[in-house]
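Contents: one structure, followed by commentary.
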Number of protein chains: 2
Amino acid sequence: MIKGHGDDTYQYSRPMVANFSSNIYSHADLQGLHDFLKGRLEVIGNYPAPDASQLEKVLANELHIEADEVLVTNGATQAIYLIAQAFAGSKSAVFQPTFSEYADACRMHGHIVKSLFLLPSAREDWLLPEDVRMLWLCNPNNPTGQVVPLEELRLLLEHNSQVLFVIDQSYEDFTLKYLLTEREALERGNVLLLHSMTKRFAVPGLRIGYVTGDAALLHRLRTHQMPWAVNALALEAGKWLLQQGALCVPASLTAYLKETARLRDRLMALGALEVWDTDTHFMLVRLRMGKASALKEWLMCEKGILIRDASNFEGLGDSYFRIATQDPAENELLVESIAEWLTI
Amino acid sequence: MIKGHGDDTYQYSRPMVANFSSNIYSHADLQGLHDFLKGRLEVIGNYPAPDASQLEKVLANELHIEADEVLVTNGATQAIYLIAQAFAGSKSAVFQPTFSEYADACRMHGHIVKSLFLLPSAREDWLLPEDVRMLWLCNPNNPTGQVVPLEELRLLLEHNSQVLFVIDQSYEDFTLKYLLTEREALERGNVLLLHSMTKRFAVPGLRIGYVTGDAALLHRLRTHQMPWAVNALALEAGKWLLQQGALCVPASLTAYLKETARLRDRLMALGALEVWDTDTHFMLVRLRMGKASALKEWLMCEKGILIRDASNFEGLGDSYFRIATQDPAENELLVESIAEWLTI
């Protein structure tokens, strides 16, 4: 899907006051990265390494795995398309509602795609439908913000050892819940984990993601990767960001999630909204009356506030929107603006 | 093919003195672009437009065509893979020797690939083998530097109107020979032209290419494009570079091609080399004795000079290498260094 994602600032000429529309914290301090890149601009004059192998080594070192167990991609989105391509024609199941690119990539590459709408914990047993060969899962999930409890995820893996699991952990740095580690995924052998440096370091313009998993699985992906897929500045930035240590935005995750809970409470107190419980920094909201698209237009045009109309997520209707927590003053502005919209 | 291309500087720790290995002029003055990018680094904090439409509009305006007749890609290489994917399972012919990615991309996407080794002008007639559905042609051709005369190319197009032609004009700004214009390609309706901002502006680290052609053909490619394929800094740089006017490196193409002819004469005067006639700024060379890989290693280790071992181009042997003209002093250093190697 090209149009219909969040952070669609390119559609609006009005100056933006606050951006809740992508799952990115808008106030990351990127000055250090800017300064670093200013001194490294000469890299645009040469081809990047065709296979991003230097950055893969840095990542492997950080994760205590081998370099052939990491594949760097042009954003996590390219990883999704590469996996769908490498297993073209497979039978994939996708837990919905979720990020649209899994089903899009699978359909593009001839998969038969089955949507599953019940989370495993609500199922009678842990067995996936027997014709399913691949299972796509976003954890924490976009747009619901929910994490599958680790014990349930392990049961799902154990009962379906013939299935290849693609688990998108793009939001792994924004939850306190337990997730599958790279090591455990590797040892299981049938799990590919997707990771997003975009999300971790709040640099969506650079396009850097990576996959970790069994070296033989990654080898299969590598045979479908084109040369020079990742821009030289993205590779430089990626190496530098990792070498700064455990930098992650915002500085305190606990405080950020506490502010998320406060924002959720404030929204629920308005009475006219249903707000999903979330394990991360964004949340799914349903208007009891009215359309999310109308709210989105009003907020942007009247207040310069951008939210994500979530009506195009499979299984959701036109009353759904998604927001990512920003700074307290902005969050208050959002709550007050929605309150104002509800009265008109 | 991931490994085996030119500009493989990442393989060497020795400081490089001169780089003849990619078809890029190494001395482009990119200071203006650096200064511009230093002031635009904030774009890394937002998603790029998912479809690069702004840059497509700027290109369409420059080329006097419509925006839906331009598709921006993550380097021309992504355009190659996208075309092969959009026409998966086709029967493709590739004029060899040429850039390896055409055949690689076609094989990855299930094409039957036929290599044609005779240029059209040497063929008895202009008809391509009747089972061919797509024809891939690099013009000027990498690695030979040759341009198919425009009248011959038109005959080839006219005799094979049922064939989709993919003509890679990545080196279009580095020849004085007539090439197909975007307008003529559009009017024919069965031609996709590939273009490389990488080559034109000497910015291979950024990854910006584009395709021009019939809007319906490009629509088919767009349905296979993933969102956010092109990095935000690459998009910014692309727009800025085009807005500077007809900037192309080096400043004088006539002088650059004259220096290319001088370098070619100097190499031929060594006696031990066959040097192909070229219509552009790079040339294919064959050692009458010895291996190109040995020459490459010696030049890099002893002199810090990087050339392109061309033995992995289909149809070429281990005695072939390719060089792109650089500054006169560097070109002299190359000639003298090869002369020295020939005596040892």
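The values are calculated or read from the model by the stated rules, or taken from the named source; none is laboratory data. Predicted model only: the values in this text are computed from it and were never measured. All Cβ positions, even for glycine, are placed from backbone atoms using ideal geometry, and neighbour counts span all protein chains on display.
Laid out as a table, the results:
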{"read-out": "Count - residues of the range B:291-332 that are charged (D, E, K, R) and on the phi > 0 side of the Ramachandran plot", "value": "0"}
{"read-out": "Neighbours by Cβ (under 7 Å, 6+ apart or cross-chain): first from the range A:42-58, more than 7 Å from chain B (Cβ to nearest Cβ); second assigned to a loop (DSSP other than H, G, I, E, B) and of a type in the set (A, V, I, L, M, F, W, C)", "value": "A:A52/A:V230"}
{"read-out": "Residues of the range A:212-222 satisfying the condition of being within 20 Å of B:K3 (Cβ to Cβ) and more than 8 Å from chain B (Cβ to nearest Cβ)", "value": "A:A215, A:A216, A:L218, A:H219, A:R220, A:L221"}
{"read-out": "Filtered residues of the range A:79-96 (kept if part of a loop (DSSP other than H, G, I, E, B) and modelled with pLDDT of 95 or more)", "value": "A:F87, A:A88, A:G89, A:S90"}
{"read-out": "Some residue of the range A:230-241 being surrounded by fewer than 21 Cβ atoms within 10 Å (Cβ to Cβ) and without any contact (Cβ under 8 Å) to a residue 12 or more places away in the chain", "value": "no"}
{"read-out": "Selected residue [out of contact with any strand residue (DSSP E or B) (no Cβ under 9 Å at 6 or more places or on another chain) and touching a residue at least 60 places away in the same chain (Cβ under 8 Å)] from A:R308, A:R262", "value": "A:R262"}
{"read-out": "Complete set of residues in the range B:77-86 that are surrounded by 22 or more Cβ atoms within 10 Å (Cβ to Cβ) and hydrophobic (A, V, I, L, M, F, W, C)", "value": "B:A79, B:I80, B:L82, B:I83, B:A84"}
{"read-out": "Only one of A:K3, A:K38 that is modelled with pLDDT of 95 or more, surrounded by fewer than 17 Cβ atoms within 10 Å (Cβ to Cβ) and facing chain B (nearest Cβ under 8 Å)", "value": "A:K38"}
{"read-out": "Failed item in (1) in contact (Cβ under 8 Å) with a residue 40 or more places away in the chain; (2) in the same structural domain as B:G39 (by TED's automatic domain parsing); (3) assigned to a helix (DSSP H, G or I); (4) loosely packed, with under 15 Cβ neighbours inside 10 Å, with B:K199 passing the rest", "value": "(4)"}
{"read-out": "Unmet requirement for A:G110, which otherwise passes all of (1) buried (at least 18 other Cβ atoms within 10 Å of the Cβ); (2) within 14 Å of chain B (Cβ to nearest Cβ); (3) not basic (K, R)", "value": "(1)"}
{"read-out": "So B:V147, is it assigned to a strand (DSSP E or B), of a type outside the set (G, A, S), in the same structural domain as B:L194 (by TED's automatic domain parsing) and at pLDDT 95 or above", "value": "no"}
{"read-out": "Criterion (outside any helix (DSSP H, G or I) and touching a residue at least 60 places away in the same chain (Cβ under 8 Å)) met by exactly one of A:L192, A:L206, A:L179, A:L186", "value": "A:L192"}
{"read-out": "Unmet requirement for A:E62, which otherwise passes all of (1) in contact with a His (Cβ under 7 Å, 6 or more places away or on another chain); (2) at pLDDT below 95", "value": "(1)"}
{"read-out": "Filtered residues of the range B:46-63 (kept if crowded, with 20+ Cβ neighbours inside 10 Å and among the small types (G, A, S))", "value": "B:A49, B:A52"}
{"read-out": "Any chance A:E66 is touching a residue at least 60 places away in the same chain (Cβ under 8 Å), surrounded by fewer than 18 Cβ atoms within 10 Å (Cβ to Cβ), closer than 18 Å to A:L241 by Cβ and charged (D, E, K, R)", "value": "no"}
{"read-out": "Qualifying residue in the range A:11-30 (condition: without any contact (Cβ under 8 Å) to a residue 60 or more places away in the chain and either more than 19 Å from A:A234 (Cβ to Cβ) or in contact with a strand residue (DSSP E or B) (Cβ under 9 Å, 6 or more places away or on another chain) (or both))", "value": "yes"}
{"read-out": "Failed criterion for A:A76 (all others in (1) within 30 Å of A:M300 (Cα to Cα); (2) of a type outside the set (D, E); (3) facing chain B (nearest Cβ under 8 Å); (4) in a helix (DSSP H, G or I) hold)", "value": "(3)"}
{"read-out": "Residues of the range A:265-310 satisfying the condition of being part of a helix (DSSP H, G or I), of a type in the set (G, A, S) and either surrounded by 19 or more Cβ atoms within 10 Å (Cβ to Cβ) or within 24 Å of the chain's Cα centre (by Cα) (or both)", "value": "A:A292, A:S293"}
{"read-out": "Count - residues of the range B:202-225 that are crowded, with 20+ Cβ neighbours inside 10 Å, aliphatic (A, V, I, L, M) and in contact with a Gly (Cβ under 9 Å, 6 or more places away or on another chain)", "value": "5"}
{"read-out": "Filter pass, B:I24 being more than 7 Å from every other protein chain (Cβ to nearest Cβ), at pLDDT below 95 and buried (at least 22 other Cβ atoms within 10 Å of the Cβ)", "value": "yes"}
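Residues checked against (1) over 22 Å from A:V166 (Cα atoms); (2) within 13 Å of another protein chain (Cβ to nearest Cβ); (3) more than 21 Å from the chain's Cα centre (by Cα); (4) of a type in the set (D, E, K, R):
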residue	(1), (2), (3), (4)
A:M16	yes, yes, yes, no
A:L33	yes, yes, yes, no
A:L63	no, no, no, no
A:L71	no, yes, no, no
A:A105	no, yes, no, no
